[in-house]
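Remarks on the structure that follows.
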């Protein structure tokens, strides 16, 4: 059976793409699907789509196009938003939903990161292992780094925010953590989002431009380097490390998620015993002994225009109590932790949970300086000792 006979004997089915048709016929006939492909596209008919005439009515030109009689394949992971069809030739143009395009982009980067690191043949670091002298846990909280944020017309003299200042800040963080470390059994590090300032100089909702001083590639490299460097420095203390990263935030979005995957995959090779958690949900939680820490950036990446306030209000209270009820967290000492507001406020007035807003590690942006006032930046070091928790803000 030749290709012509095969294609005539097994015609294309409704809504079946040409590629799937060729493969089906190949399986039925034993012919190679590439041979069927070549024959079909070599012998397709041309369709006249346009004519031009002179003043006497004579044809002076014609436009002919190849007839297209099938639906174009939709790539895996993409979802059609609109399909346009030329009724003469059958040619089609596909527009995909923004959400599915973002998911396809995210999957591509995730797979690429994993494959690239696998080829690097990284080896575990030789790190010190010590025997803890207590059951105390050292907990480090930072949020809102806004990597790549550009500051130029700052009203309050906050200065610049670039790679150099970021890593000077990291040195201070590591120094303070090592100073506070005193035989703790574990170090827990929390990041509450807006780690990246944006992608393509826009926030995750892509509805307005923001000033930035790095390209996407430069920002990615700086972000991964920050996370990996922090982990390597803390590994020198010789106790288990645990990282919790919120990636559902209004500035970083999926780009922030990809940066954290880059750090997580790198640390799988360098520090395979480190626990690295990534939270794409708006609200998540984890436990330390009798304590439950509920985590959120405070503003969701897509739907929430006005997030949780720096200070507890009825809207936030109802949301948090509903979360506690849903996850049956009533037997724990619950602490709700958020970023976004760039303010350090701890509120233990509610009997069911503690409500904490944490300061930003980055300086105030130009927008914040103009619309509000100069903010103080820094991070927080906490100690969990049984039912006792202490908190120390480190102002920079």
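Nothing in this text is a laboratory measurement; each read-out follows from the coordinates by a stated rule. All values reported here derive from a predicted model rather than from experimental measurement. Heads up, the Cβs are rebuilt from the backbone with ideal geometry, glycines too, and the neighbour counts pull from every protein chain shown.
Miscellaneous remarks
- Label-to-label distance, nm, for residues given as residue 236 and residue 209 (7 Å Cα→Cβ offset): 4.3 nm
- Working from Cα pairs under 8 Å separated by at least six residues, relative contact order for the stretch 105-395 is 23 percent.
- Distance from the stretch 290-353 to the stretch 8-28 (C-alpha centre basis), Å: 55 Å
- Spacing of the two label points (7 Å from each Cα toward its C-beta) at residue 328 and residue 229, in nm: 4.5 nm
- The stretch 198-288 shape via C-alpha gyration tensor axes, a/c threshold 1.5: oblate
- On the basis of the beta-carbon distance and an R0 of 51 Å, residue 286 and residue 33 show a calculated FRET efficiency of 0.50.
- Between residue 348 and residue 42, the modelled label-to-label distance comes to 8.2 nm, taking each label 7 Å out from Cα in the direction of the beta carbon.
- Once the Cα-Cα distance is subtracted from the 0.36 nm per residue extended length, the residue 315 to residue 175 segment shows a gain of 46.5 nm.
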